[in-house]
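Okay, so here's the structure we're looking at.
Laboratory data are not the source of any read-out in this text; all were calculated from the coordinates shown. Since this is a predicted model, take the numbers as computed values, not measurements. Please note: Cβ atoms are built from the backbone with ideal geometry, for glycine as well, and neighbour counts cover all protein chains shown.
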Amino acid sequence: MEMAGESRLEASRELVWDALNDPVALQASIPGCESLERTADNEFTATVVSKVGPIKARFAGKVSLSNITPPRSYTLTGEGSGGAAGFARADIEVSLDALEPTVTLLRYGVKANVGGKLAQLGSRMIDAAARKSADDFFELFRKQVDARAADASSSASPSVPVGMEALMQAVSAPAVNGAVNGVQAAPPAPAAAERAPAQGSASPVSPPQIEPRDASPASATPAPPAIAPAPSPAAPPAGPPAQAQIASHQAEVMDVLMSEKIKVWISDQVAVVTINRPKSRNAMTYAMWLAMPSIMAALDRNPEVRAVILAGAEKDFCAGADIPEFEKVRADVAQATAYEVAVDACCDAIANISKPTIAVLRGYCLGGGAHLAMSCDFRFAAQDAMFGIPAARLSIIYGVRGTRKLLSLVGLTQAKKILYGAQRFDAKHALSIGFVDLVAGALAVTAPLSLLERLIGAKRHAANSDPMADARVFAASLAGNAPLSMAGAKYLLNGMAMGTGGLDLGRAEALIAAAAGSEDYREGRAAFAEKREPRFLGC
């Protein structure tokens, strides 16, 4: 018998891991468990009373843990004998994905065998009973985790989020060599011509690295050396208007970081950047547009980060710009131009970061929010996601960069429909026209419960509809690849997509040469020859 499932738990991965290794929590969660005692490291003895159809028996046996990778996964093996009732053995693969700092997705896969009288009951009855037991276990385990999470939250003291201190230091640092706060400021916008894309521009000042928020001694590994940037043409000097724009709003940018209007969290080499104004549907303020480049620059230089996920807090991704503040920050032509420079700088910073980026889209993704999403390499949507660009309802012309990204994703006709019509469209339509790459759970087919399962009270398992879970699995698959290869491919593809002038051939050749001469290239060849997984360090 084989089965698989998952359970979403409102607790940190470390807390869930501790509960999975605690005999008290496990005993309270296993249906019919009379005793569970540790006999050695990663070994327990257990007594469980179980009823399958007409057969009820007390099973005595042992439980062992193997393939342990704290705090991510282990294999739990349980085997016991129920005398004349027969015997049972189960191998359970358990893995924990940290979706958010306080949200964990527990996945499991079970392979089980039974013998004796139990085997004579037939596979349908055994499967139904096993699924019911799994449902009961995770419901009881959830209660154990919820209680522990409540205790942890009540005893926690408020503090500045780990990882944000370095960003705040970067924001408050003085301008050096034409860069402001560790971010290369954009040159002033031409009056009537398209601003050149900032592909490949490098900041003269490297902001401090963001430290991982959930590193634990059990899972800590030596940090790889910093990625050395490939030679590139000199970046154009920052224009005084752009410098003044950022410097004059330094206090507001600091407030964005201090108040966590944008949050950063790093786990398993994946950084999650969360737009955090849920009461305003995560609308972006002027200060938030200005703050994002500092965050992206710091993540780009952090060797602990191999991929970046951009998400919105709670139910929505981003409803666009914060229109209520337009009277203050976008009241005339000069302010509107400065505002567009800030939006473009924010979205360019997301598009030009050398690491893969994934937008996780729930609820509203409108206007400027759509530009943020289109600036990412990939877009994973929830089934309830709603998209639109309402510029035509505000007498605003959508910016050059955003329009170009829209055109490259959906084509000319669909881009015109979206911009002319200013109408909203759902996730299914977004997938059909190429605006998003995946809709979570859209293709999953859930089998109906059998009559026997309904009679014993088994639950129907809904298909996963959380795009964050899909995004983290995808990001993890990218994190194991060569950073230099991905960075070079991203630069080439983005530059080619921008058309004439979007790709600096000199920089492209420099990136290719740097990868060919890197230690990672030698490691890749060695791993291929030795038929093993490569261990890339990004240098």
*Of the peptides 471-477, 521-527, how do they stack up when ordered by the mean number of other Cβ atoms within 10 Å, highest first?*
471-477, 521-527
*What number of lysine-lysine pairs in segment 239-479 show an alpha-carbon separation below 21 angstrom, given a sequence spacing of 8 or more or placement on distinct chains?*
15
_Show me the ranking of peptides 282-290, 23-31 by mean Cβ neighbours inside 10 Å, starting with the highest._
282-290, 23-31
*Restricting the count to DSSP beta bridges whose residues both fall in segment 239-479, what percent are antiparallel, rounded to a multiple of 5?*
30
*So how much slack lies between Thr47 and Ala497, counting 0.36 nm per residue of separation and subtracting their Cα-Cα distance, in nm?*
155.7 nm
*Please name whichever of Gly517, Ala527, Gly538 sits farthest to the positive end of the charge dipole of segment 481-539, dipole taken about the Cα centre and charges placed at Cβ: Lys and Arg +1, Asp and Glu -1.*
Ala527
*Count the net charge of all other residues whose Cβ sits under 13 Å from the Cβ of Ala297, scoring Lys and Arg as +1 and Asp and Glu as -1.*
0
